Amino acid sequence: YEVCWPCNAAKALPTLDLRGLTHLSRPVLQSFVDLQTDDVGVLRRDRRKEFGRSGEQVAGEDFERRPGFLGNFGDWTANTLLLSHGLELWALASHYRITRDGEWLGAGPESPLQAILDACDWTAAQRRVTMREQNGKKVPHWGLLPAAAAHDWLSGNTIFNDAFCIFGMIEAVRLLREIDHPRAE
């Protein structure tokens, strides 16, 4: 059926790091960096089978195609989930904050630091997509991420998805402030 749920893998990694088992967490973290993409895959497909909507596109704004999305593991997982983006970002930033390993964090293209910056930029760009007005008023989902799959049976503009992405952004900002990165603010 599937090999990996990135969102679940991300949640477990800090526990390994806190136990000094970075040799187990780093290959998974590296897969997050290596598989970062501009392709949101089937994120915009409604999978509520019990309502006969499986496969239909979720109503709402589409995602801006740009690099930085974490969470599309192709055939590795049955469902691409928006919350995976936030949790993977959180796990990458948490790893540095736990280990304080600047060599691992790196800099420049293909480094975990660049993946973190790209993921933050991706999130900010997607939120701007929904910042629009309709009939002179802000749309009800103004500033949320575009509508997407939250889990097997829930799709749409959800605080659920946004909350996990906010957690990732908060942890990333903490990391950037700690290393005095010029983009922290």
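The values are calculated or read from the model by the stated rules, or taken from the named source; none is laboratory data. Since the model is a prediction, treat every value here as computed from it, not as a measurement. Note: ideal-geometry Cβ built from the backbone for every residue, glycine included; neighbour counts use all protein chains shown. Just so you know, the surface numbers come from the protein's heavy atoms only, side chains and all, with ligands and any DNA or RNA stripped out. Shrake-Rupley method; radii C 1.70, N 1.55, O 1.52, S 1.80 Å.
Structure summary
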| item | result |
| --- | --- |
| Subset of the range 136-157 (residues that are without any contact (Cβ under 8 Å) to a residue 60 or more places away in the chain and within 17 Å of PHE69 (Cβ to Cβ)) | LEU144 |
| Residue tally, condition of a type in the set (Phe, Trp, Tyr), out of contact with any Pro (no Cβ under 6 Å at 6 or more places or on another chain) and either modelled with pLDDT under 90 or open to solvent by less than 40 Å² (accessible area, probe 1.4 Å) (or both), over the range 64-101 | 3 |
| Members of the range 117-135 that are among the small types (Gly, Ala, Ser) and touching a residue at least 60 places away in the same chain (Cβ under 8 Å) | ALA119, ALA125 |
| Counted residues, the range 151-173 - those being modelled with pLDDT of 95 or more and either exposed (fewer than 15 other Cβ atoms within 10 Å of the Cβ) or in contact with a strand residue (DSSP E or B) (Cβ under 6 Å, 6 or more places away or on another chain) (or both) | 1 |
| Residue list for the range 102-138, filter: part of a helix (DSSP H, G or I) and open to solvent by less than 30 Å² (accessible area, probe 1.4 Å) | LEU105, PRO112, LEU113, ALA115, ILE116, LEU117, ALA119, CYS120, TRP122, THR123, ALA125, GLN126 |
| GLY41 being at pLDDT 90 or above, over 21 Å from GLY143 (Cα atoms) and assigned to a loop (DSSP other than H, G, I, E, B) | no |
| Filter result (assigned to a loop (DSSP other than H, G, I, E, B) and either open to solvent by 80 Å² or more (accessible area, probe 1.4 Å) or on the phi < 0 side of the Ramachandran plot (or both)) within the range 139-150 | VAL139, PRO140, HIS141, TRP142, LEU144, LEU145, PRO146, ALA147 |
